[in-house]
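S.K.: Quick one: the structure is below, questions incoming.
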Amino acid sequence: MAGRKSLIIEAVGKPGHASFIPTHAKMLCAPAERTVLPAELNVKKIINVNFIGRLLLAFSLGIAACASHAVEAAKAHVLHMMITTPESGFDPAVVSDLATLNLTENLFDAMLAYDYLARPVKLQPNTLADMPQLSSDGKTYTFRIRPGIFFSADAAFKGKKRELTAADYLYSFKRMYDPALKSPWLYVFEDKVVGDQALRDSGRAGKFNVDIAVAGLQVTDRYTLQIRLKEADANFLFLMAMPATGAVAREVMDAYPGQAASHPVGTGPFTLGEWQRSYKVVLEANPNYHRVFHAGPLKDAADQVLAKALEGKRLPRADRIEVRIMEEHQSRVLGFLNREFDYLEQVPEAVSGMVLADGKLRPELAAKGITLSLFPTLQTYYMWMNLDDPVIGGYTKERIALRRAIILSRNGEEDIRLIDKGLALAAQSPLAPDVLGFDPAYRSPVQYDPALARALLDRFGYDKRDAQGYRLAPGGQPLTLVMHSEANNTGRLRDEVWRKSLEAIGLRLEIKGDKHAEIIKAARLGKVMMNEANWLADFPDGQNFYQLLYSANIGRMNYSRFKLAAYDRLYEQTLTLTDSPQRTASYNQMNQLIHAYAPWAIRKHPLSADIRQPWLLNYKRHPVEFTNWRYLDIDPDLRNEKKSPARP
């Protein structure tokens, strides 16, 4: 009998030993799970009374510890967020999809950031001691890093605290030139910085040398970086606030070669905690984050209240952010209504009826303290066409006629009414309202006109039909348009609208479903014929949109592979101009070229219907920054109520 008792004790740990209690407390603390004793702990098998007493004591202590843990968890300041597509990695020089940018801007620090509350938008120092100094000729910027900012701990630093220096930004900027990265953000510096040809030549030579000297990128002391441009650029400082210009540490890149996308180490407000790919990302508050909130003068009363709540407080305000990937529209709204998310920005139009009625929040939701705001985003939705494609591409009259007919076939106003539920504005140009350079008087010469679309196709050689009634190419060959699409509810709805529109003018459409990241990868290689896309401004100026058709950006964000000397010339001329009537006139000329050659069907600018829970604190939507997570907090007591109280 003694031998049997010893066997049991050996299996569960020595009674009274510190490791004995947590083992069973863990079983007891598992939420929504039935606690089951291991078979060998069946009371009938235990004959030692002392052991039974100790076992009961252990479980009692475990229950107490579990209760204490539950109380602390309930009081924790945890934000619950979502992103709408799977993350693609965490290398700031590489990621360009909106979902991942939400994450990287919270892990890495650019030198500049936007003032949270200032409208019109205003830049402020982030890791800098003061705003940069600009030379009299407008070409040389001097950036002074604030001492005492540190990277989050990592084994690559060998146990030492690693301070952020000017050399880190120098390295981070230079590595964008590495051809192995294929950085979509290279345009920030390429052909703008004096002497950057040396970096480009290094990449072409086969072995990229990040240490090569560049006259326009100079570290003058530990905390000072100078950037000298070839020409003055009125928007350059906006670029220095983009997540792509966040600093990485060279030791980390060297310690994990080829793994930068899965091993983020930055100085941002959060660090990467738990990560379940394409399902869940947890960000932990960076205990050493350097920012303290300060607001400038504000006119808006609501902003003044918000500023008072944040003034002088260290960021971030939350302890942790739990981010879920929610691709399906209905699931996002249901998750919000089920209290799984603290806010939902841009309620999907297709399911807006779940929360809106006649453009207003449903009364039953308002009674729960949920609030609605309509926000005009700096965003443009468009369908791009590949001008290198053998079927749809080219600059000949018949190919231009084909693309223009495709654009003429789509009834944008009806889409907004039926699909977007009125939560969008019909786009006349690439520029959304409130973007610097937007001209409210400009109207696109290409409007919905299926009769004109059919006449164009007939006139330019697409008048012959196959046995199914679909048009043939001018030489009599079969003609099939292929549109890549994300395999989700929104994509399927969009696909059917395009199919119906194109069939109405006699064109056959084939849909090729794929994941967002795979479509982008293929698009950069020129292997996609057509695809729906949208662009949310990285900075609030028209240049940010017109760059999408600049020929130097082919292989990056110029998915249309549009290459037109007249357009490039106008684009380059506007780079040195501030917002002015002269620059607006140039933008309108670029609009005319876009409409003439038809690389895009420019579709809409969304009005974002944003809803938020009553326990969310410090929320204000920013026009440019992707998230406001570092400022947000929650009222844990209000969140933990079973039913949120009505608010006046």
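S.K.: What are the aspartates and glutamates whose alpha-carbon lies under 19 Å from the alpha-carbon of LYS512, with same-chain residues fewer than 8 places away excluded?
M.R.: Here the aspartates and glutamates satisfying the reach criterion relative to LYS512 are GLU327, GLU328, ASP388, ASP389, GLU486, ASP495, GLU496, GLU503, GLU532.
S.K.: Okay, moving on. Taking other Cβ within 10 Å of each residue's Cβ, how do VAL391, VAL252 sort, fewest first?
M.R.: VAL391, VAL252
S.K.: Turning to a different aspect of this structure: What's the angle, to the nearest 10 degrees (0 to 90), between helix 20-29's Cα axis and the longest principal axis of the chain?
M.R.: Between helix and principal axis, roughly 50 degrees.
S.K.: Which of the pairs LYS280/LYS500; LYS313/LYS604; LYS160/LYS230; LYS75/LYS308; LYS360/LYS604; LYS192/LYS313 have their Cα atoms more than 32 Å apart in this structure?
M.R.: LYS280/LYS500; LYS313/LYS604; LYS160/LYS230; LYS192/LYS313
S.K.: To continue, here is another question. Would you list which aspartates and glutamates come within 14 Å of LYS620, measuring only between C-alpha atoms, while excluding same-chain residues fewer than 8 positions from it?
M.R.: Within reach: ASP115, ASP300, ASP303, ASP342, GLU345, ASP610, ASP633.
S.K.: Among the DSSP beta bridges whose two residues both lie in the chain, what percent are antiparallel, rounded to the nearest 5?
M.R.: 75 percent
S.K.: Using only Cα atoms, tell me the angle between helix 49-75 and the longest principal axis of the chain; keep it within 0 to 90° and round to the nearest 10.
M.R.: Tilt of helix 49-75: around 30 degrees.
S.K.: Amide H to amide H, which residues 5 or more places from LEU425 or on other chains are under 5 Å from it, using H placed in the peptide plane?
M.R.: HIS605, LEU607
S.K.: Another question about this same structure. In whole Å, what is the distance between the alpha-carbon centres of region 363-409 and region 215-280?
M.R.: The two parts, judged by their Cα centres, are 31 Å apart.
S.K.: Tally Lys/Arg at +1 and Asp/Glu at -1 over every other residue whose Cβ is under 12 Å from the Cβ of THR578; what's the total?
M.R.: -2
S.K.: If contacts are Cα pairs under 8 angstrom and at least 6 residues apart, what is the relative contact order of region 108-262 in percent?
M.R.: Across region 108-262, relative contact order equals 30 percent.
S.K.: With a cut-off of 8 Å between alpha carbons and a minimum separation of six or more residues, what is the relative contact order of region 379-607 in percent?
M.R.: Once divided by the residue count of region 379-607, the mean separation gives 35 percent.
S.K.: Nearest 5 is fine: what % of DSSP beta bridges in region 405-563 come out antiparallel, could you say?
M.R.: 15 percent
S.K.: Just to check I understand the Karplus step: with θ = phi - 60° and J = 6.51 cos²θ - 1.76 cosθ + 1.60, what whole-Hz values come out for region 427-444, glycine and proline as x?
M.R.: 7, 9, 8, x, 8, 7, x, 6, 6, 4, x, 5, 10, x, 8, 6, 10, 5
S.K.: While we're here: If I fit a long axis through the Cα atoms of helix 581-597 and take the longest principal axis of the Cα atoms of the chain, what angle between them do I get, 0 to 90°, rounded to 10?
M.R.: Taking Cα atoms only, the helix is inclined about 80 degrees.
S.K.: Right, next: Please turn the phi angles of region 129-136 into ³J(HN,Hα) values with the Karplus equation 6.51 cos²θ - 1.76 cosθ + 1.60 (θ = phi - 60°), one per residue in order, whole Hz, x for glycine and proline.
M.R.: 6, 8, 4, x, 8, 10, 5, 5
S.K.: Here is a follow-up. List the aspartates and glutamates whose Cα lies under 12 Å from the Cα of LYS368, skipping any in the same chain that are fewer than 8 positions away.
M.R.: Answer for LYS368, where 12 Å is the Cα cut-off: GLU641, listed by chain and number.
S.K.: For Cα pairs less than 8 Å apart in space and 6+ apart in sequence, what is the mean separation divided by the residue count of the chain, i.e. the relative contact order in percent?
M.R.: The value is 17 percent.
Quick note: the coordinates plus some simple rules give every number you see, no bench work behind them. This is a predicted model, so every value here is computed, not measured. Positions of Cβ are generated from backbone atoms using ideal geometry, with glycine treated the same way; all protein chains shown enter the neighbour counts.
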